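Scroll down for the structure; my scribbles are underneath it.
The values are calculated or read from the model by the stated rules, or taken from the named source; none is laboratory data. Owing to the predicted nature of the structure, the values given are computational and were not obtained by experimental measurement. When we count neighbours, we look across all protein chains shown, and the Cβ atoms used for this are built from the backbone with ideal geometry, even at glycine. These accessible areas exclude ligands, DNA and RNA; they are computed on the full protein's heavy atoms, side chains included. Shrake-Rupley method; radii C 1.70, N 1.55, O 1.52, S 1.80 Å.
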Amino acid sequence: LVAMEPATGAVRSMVAGAGFDNSQYNIATTAPGRQPGSTWKVITLATAMQNHYSSLDTVDGTSPCAFGSLGQTVNAEEGVGVMTVRDATAHSVNCAFVRMELALGFPKVMDMAHKLGITQTTLKPILTLTLGTVEGTPLEMATVANTIAATGVHRDPYFVEKIVNAQGVTIY
């Protein structure tokens, strides 16, 4: 878990794992992290909005969906036929998001990911990128959400606001 302040980028809370005694590995900040799953779809949605898509535009959510040499996927959720981008988002329809990702193009989606805060993860142009199959850290995904919450203003996360000595004097 990572919780950040949108206005500043201050990390206010972080759970790095099961406890230092159990593991000295910080899963929240250390690559490769974990697969973020459908939370990654917000990056594709932000890319679509930047490219003048509307929530009322339509996309095909039919499952299964195959794309030749790129592969195929299926919906884990409801989604049959053509629907609005809003409905595809509300129901997290995999095939609809893959179709949006392909219509936008991998370079635009990956560029948006970097702008929103994906900095450690090496992104690959794979069909299931929008489905969150590429591992990333919770800190990166919190930074993405933070950037969106700050109406698109990206702020790098920081952990230390100030350091004071034993006499209460601010050193940093």
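With the simple spin-label model, which puts each label point 7 Å out from Cα in the Cβ direction, the LEU102 to ILE126 separation comes to 1.7 nm.
Net length available on complete extension from PHE67 to MET49 is 4.1 nm, with 0.36 nm assigned per residue and the Cα-Cα distance removed. Starting at the first residue of the range 9-16, write each ³J(HN,Hα) from the Karplus equation 6.51 cos²θ - 1.76 cosθ + 1.60 with θ = phi - 60°, in whole Hz, x for Gly and Pro. In residue order, the calculated couplings are x, 5, 7, 9, 7, 8, 10, 8 Hz.
By a straight-distance test (C-alpha under 24 Å), which lysines pair with LYS108 as possible cross-link partners, with residues fewer than eight away in the same chain excluded? The qualifying lysines are LYS41, LYS124.
Under the rule a/c < 1.5 gives rounded, and otherwise a/b versus b/c splits prolate from oblate, where does the range 76-147 land using the Cα gyration tensor?
prolate
In nm, to one decimal, how far is the THR58 label point from the ASN22 one, both placed 7 Å along Cα→Cβ? For THR58 paired with ASN22, the spin-label model returns 4.9 nm. Taking label points 7 Å from Cα along the Cα-to-Cβ direction, ASN165 and LYS115 give a separation of 4.6 nm.
So, with a 1.4 angstrom probe, what is the percent of accessible area on the chain that is carbon and sulfur?
Values: 5360 of 9350 Å².
Summing carbon and sulfur atoms, their accessible area is 57 percent of the total for the chain.
For GLN72, the residues whose amide H sits under 5 Å from its own are PHE67, ignoring neighbours fewer than 5 places away on the same chain, with H placed 1.01 Å from N. The residues of the chain expose, per residue, 54 Å² of accessible area to a 1.4 Å probe.
Express the relative contact order of the chain as a whole percentage, based on alpha carbon pairs under 8 Å and six or more residues apart in sequence.
Working: 297 pairs, mean separation 52.3, N = 172.
Answer for the chain is 30 percent.
For Cα Rg over 2.2 N^0.38 Å, the candidate list reads (1) 1.19; (2) 1.66; (3) 1.37; the entry that matches the value derived from this model is (1).
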